[in-house]
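Here is the structure we will look at, set down as structure tokens.
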Amino acid sequence: MRAAVLRYRVMAYVTGVVLIVLCFVGIPLQIAGHPEVANDVGVLHGILYIIYLVFAWLLARRLRLSIGPTVLMLLAGTIPILTFVVERWISRRYIDPIMSAGPAAATAQAAVTR
């Protein structure tokens, strides 16, 4: 469970940072006549977003989230800054209670979701 959470958190932050760079640096530079940054960062964000989708989906299934939080997790990588907000919300609402119950509860939860 800890590995799935770590993978999700890393990808949430990396995807969020790259999306912010794309929106607040790449797009203005593209408007100013320098499309290279937006093109390169856009491709990078696209690849990272697909990886983020996989890790977010796997964690959502492991946590047995309903459709609402799952969709919110998956779409968070499309809106700047939202990945940080959703990651914090998912952590506090769903991940922290399971992790604070101890390693036995996290292992049991992981075994039940397989």
Residue check, Trp89 against (1) modelled with pLDDT under 95; (2) of a type outside the set (A, V, I, L, M); (3) open to solvent by 50 Å² or more (accessible area, probe 1.4 Å), all met but one. Which one?
-> (1)
Evaluate region 47-70: report whether one residue or more is more than 30 Å from Ile98 (Cα to Cα) and of a type in the set (Val, Ile, Thr).
-> yes
From the list Ala110, Ala60, Ala56, which one is modelled with pLDDT under 95 and either charged (D, E, K, R) or on the phi < 0 side of the Ramachandran plot (or both)?
-> Ala110
Taking the stated definitions as given, is Arg2 free of Cβ contacts under 8 Å to residues at least 60 places away in the same chain and open to solvent by 70 Å² or more (accessible area, probe 1.4 Å)?
-> no
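Being in contact (Cβ under 8 Å) with a residue 24 or more places away in the chain, surrounded by fewer than 14 Cβ atoms within 10 Å (Cβ to Cβ) and out of contact with any strand residue (DSSP E or B) (no Cβ under 6 Å at 6 or more places or on another chain) is the requirement here; does Thr78 meet it? Spell out how you get there, then give the answer.
On the way: in contact (Cβ under 8 Å) with a residue 24 or more places away in the chain: yes; surrounded by fewer than 14 Cβ atoms within 10 Å (Cβ to Cβ): yes; out of contact with any strand residue (DSSP E or B) (no Cβ under 6 Å at 6 or more places or on another chain): yes.
Considered against the rule, which asks whether it is in contact (Cβ under 8 Å) with a residue 24 or more places away in the chain, surrounded by fewer than 14 Cβ atoms within 10 Å (Cβ to Cβ) and out of contact with any strand residue (DSSP E or B) (no Cβ under 6 Å at 6 or more places or on another chain), Thr78 comes out as yes.
For (1) under 14 Å from the mean Cα position of the chain (by Cα); (2) closer than 21 Å to Ala3 by Cβ; (3) acidic (Asp, Glu); (4) open to solvent by 50 Å² or more (accessible area, probe 1.4 Å), each residue gets a yes or a no:
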{"position": "Phe24", "(1), (2), (3), (4)": "no, no, no, yes"}
{"position": "His45", "(1), (2), (3), (4)": "yes, no, no, no"}
{"position": "Val54", "(1), (2), (3), (4)": "yes, yes, no, yes"}
{"position": "Ala60", "(1), (2), (3), (4)": "yes, yes, no, no"}
{"position": "Ser66", "(1), (2), (3), (4)": "no, no, no, yes"}
{"position": "Met73", "(1), (2), (3), (4)": "yes, yes, no, no"}
{"position": "Thr83", "(1), (2), (3), (4)": "yes, yes, no, no"}
{"position": "Asp96", "(1), (2), (3), (4)": "no, yes, yes, yes"}
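The values are calculated or read from the model by the stated rules, or taken from the named source; none is laboratory data. What you see is a predicted model, and the numbers here were worked out from it, not measured in a lab. All Cβ positions, glycine included, derive from the backbone under ideal geometry; neighbour counts span all protein chains shown. Note: areas computed on protein heavy atoms with side chains; ligands, DNA, RNA excluded. Shrake-Rupley method; radii C 1.70, N 1.55, O 1.52, S 1.80 Å.
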